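Here the structure comes first, spelled out in structure tokens, and everything after it is commentary.
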Amino acid sequence: PLLVAVPSPLSILINPPEATVERPAPKESPPPAPLVPLPTKMDTLPPLPLVVPPDPRNTPPELPLVALPELKISAPLVPDAPPFAEAIVIAPLLDAVPSPDITLIPPPVRLMLRP
């Protein structure tokens, strides 16, 4: 390895210093008085309005509960016969040219040596 093993220094356990100054006693103070009086608790509900409630509506559903789809029996349409019975074959516009022979050439070798 590139790193040399170096021994670690010995571990030393040191206790924290003792408190020489005593802490003051905790103070308990009541919370400040509210600036606005708190709301009173009401156990009674407000009176109901004098308006008569509307009658409940009972409307039937718009669609029947069970709707079955209609069965389609019609057969698909047969396509018309092509206007010409003979198939037309068109020769390609480009002539087929053979590929050149494969030549194996080794890559150039550097004559200069690297330091």
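Structure data summary
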| quantity | calculated |
| --- | --- |
| Protein accessible area in the chain, 1.4 Å probe - carbon and sulfur % | 67 percent |
| Integer Hz, Karplus 6.51/-1.76/1.60 couplings in order for the stretch 87-96, x for Gly and Pro | 7, 9, 10, 10, 6, x, 6, 9, 7, 6 |
| The stretch 22-72 - Kirkwood radius from inverse mean 1/r over Cα pairs (Å) | 20.9 Å |
| The stretch 71-112: projected area of the alpha-carbon convex hull, averaged over directions, in nm² | 11.5 nm² |
| For semi-axes √(5λ) of the Cα gyration tensor in Å, calculated from these coordinates, the label among (i) 85, 72, 16; (ii) 34, 22, 12; (iii) 29, 19, 9 | (i) |
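The values are calculated or read from the model by the stated rules, or taken from the named source; none is laboratory data. The shown structure was predicted, so the numbers you read here are calculated from the model rather than taken from an experiment. Quick note on the areas: whole protein, heavy atoms, side chains included, nothing else; ligands and nucleic acids left out. Shrake-Rupley method; radii C 1.70, N 1.55, O 1.52, S 1.80 Å.
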